[in-house]
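Values quoted throughout were computed directly from the atomic coordinates according to the rules given, and no laboratory measurement underlies them. Not measured: the values here are computed from a predicted model. Neighbour counts run over all protein chains shown; Cβ positions are idealised from the backbone, glycine included.
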Amino acid sequence: MLNFIMGYLIVINILPMILIYVDYTFEIKIKEDVLDFIYFLIALFGGSVGIIITSQMFNYKRNDKIIKRWIPFILFIEIVIAFVIIYKINGWKLFNFR
């Protein structure tokens with residue numbers, strides 16, 4: 001199961017890298033709203049790290065509201081959910097406050 005999750009995260013983070021690279025180099029005429037929605041959906045499914053890294057690499061839409069504000073927020077929520085799942089699997093041993 002862990003191999004599947006790691007493979008999924010690798011693929012879902014490479015996908016926005018390819019999309020941003022193609023959009024940045026070839027300047028494909030796609031509406032900004034459609035691209036923002038695509039990036040938002042990819043971030044919801046776990047690709048927010050790939051979007052952040054690639055936008056920093058290519059200096060791509062750094063002032064854009066979606067990439068600057070919402071993608072890091074989604075990443076924070078995903079990290080919190082991952083920690084909750086990990087702690088729940090381990091029986092909440094790390095939250096023992098006694």
Open item on the list: Quick check for the chain: number of Lys pairs with alpha-carbon distance under 30 Å, counting only pairs 8 or more apart or on different chains?
Closed with: 6
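Note the direction-averaged projected area, equal to a quarter of the hull surface, for the Cα convex hull of region 2-92, in nm².
With the hull built on Cα positions only, its mean projection is 6.2 nm².
Per DSSP H run of n ≥ 4, the term is -39500 (n - 2.57); total these for the chain, divide by its residue number, and report the mean residue ellipticity at 222 nm rounded to 500 deg cm²/dmol.
-22500 deg cm²/dmol
State which helices in the chain qualify, where a helix is a whole DSSP H run, it must extend 30 Å or more along its own axis by its Cα atoms, and its mean Kyte-Doolittle hydropathy must be at least -0.5.
Helices meeting the criterion: 2-26.
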Task: Pairwise label distance in nanometres, residue 33 with residue 79, each label 7 Å out on the Cα-Cβ vector - done: 3.3 nm
